[in-house]
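Below: the structure, in structure tokens.
The values are calculated or read from the model by the stated rules, or taken from the named source; none is laboratory data. Because the structure is predicted, anything quoted here is derived from the model rather than measured. Ideal geometry is used to build each Cβ from the backbone, glycine not excepted, and the neighbour counts take in all protein chains shown.
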Amino acid sequence: MSPDEEEAAVIDTTREQSERNGTGDLGDGLPPLNADITVEDFNTENLFAPTHETVADLNGFGTLLAESLQRLDNAAFDQRGTTKSREDARLTFTKTITGHYTLSEDARRDLERASIAAVKLGTEPVPDHKSTVTASRVRLLGGGIEETLGSRTRVSYEIIFARDLTGSPVRERWDEIVSYGVLFDDLTGEIARFQVNRTPL
């Protein structure tokens, strides 16, 4: 038995066991298949009287971001997708965010670059160069307020992309945890910057 077959056998066995106990857990320490991930509460201790008023609003932004990214990620990896369908999905993503929140010009450019990179990722080979992404589930894992900079509050959002694969001899999931840094301006109520830090698992 080749190393690939041995690893596949281990994963298959783990899956059979997990299906029997109903957890859907593949035993890799990551969220179970087809399971919602609990949203962690944000740390409110360092909140500096923001004009966006409530931590619930910060949570709301993270939830909206994850939901919008799920639609974009699925469109980006859609094997039947076209350049037009991906661009339409990208524009819908940016319009969804800007339709709910006011962004500075810098943040708009940040969001534009991030959406272009997300679509580009879907047209590139997955890490093992053998598989196809069949579905992507995106959830807000948690995050917190990192610091206050004068009138600005920097918040990090930890978001997981749990992608189902087909065609891989050893894996059925390709996961990423991506950190999104968002700088809220407490005086203007707008998002001042939007940064992305990808960390492949």
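Quick one: which of 138, 133, 126 is part of a loop (DSSP other than H, G, I, E, B) and in contact with a strand residue (DSSP E or B) (Cβ under 6 Å, 6 or more places away or on another chain)?
126
Restricting to the stretch 57-84, give me the number of residues that are crowded, with 21+ Cβ neighbours inside 10 Å and either among the small types (Gly, Ala, Ser) or without any contact (Cβ under 8 Å) to a residue 24 or more places away in the chain (or both).
4
Taking residue 121, is it more than 28 Å from residue 80 (Cβ to Cβ), out of contact with any Ser or Thr (no Cβ under 6 Å at 6 or more places or on another chain), modelled with pLDDT of 90 or more and not β-branched (Val, Ile, Thr)? Can you show your working first?
On the way: more than 28 Å from residue 80 (Cβ to Cβ): no; out of contact with any Ser or Thr (no Cβ under 6 Å at 6 or more places or on another chain): yes; modelled with pLDDT of 90 or more: yes; not β-branched (Val, Ile, Thr): yes.
Judged against the criteria, residue 121 is not a match.
Give the residue, chosen from 155, 119, that is touching a residue at least 12 places away in the same chain (Cβ under 8 Å), buried (at least 20 other Cβ atoms within 10 Å of the Cβ) and out of contact with any Gly (no Cβ under 8 Å at 6 or more places or on another chain).
Values: 155 fails: out of contact with any Gly (no Cβ under 8 Å at 6 or more places or on another chain).
After ruling out the rest, the residue left standing is 119.
Among the residues of the stretch 136-152, which ones are out of contact with any Lys or Arg (no Cβ under 7 Å at 6 or more places or on another chain) and modelled with pLDDT of 85 or more?
Residues satisfying the conditions are 137, 138, 152.
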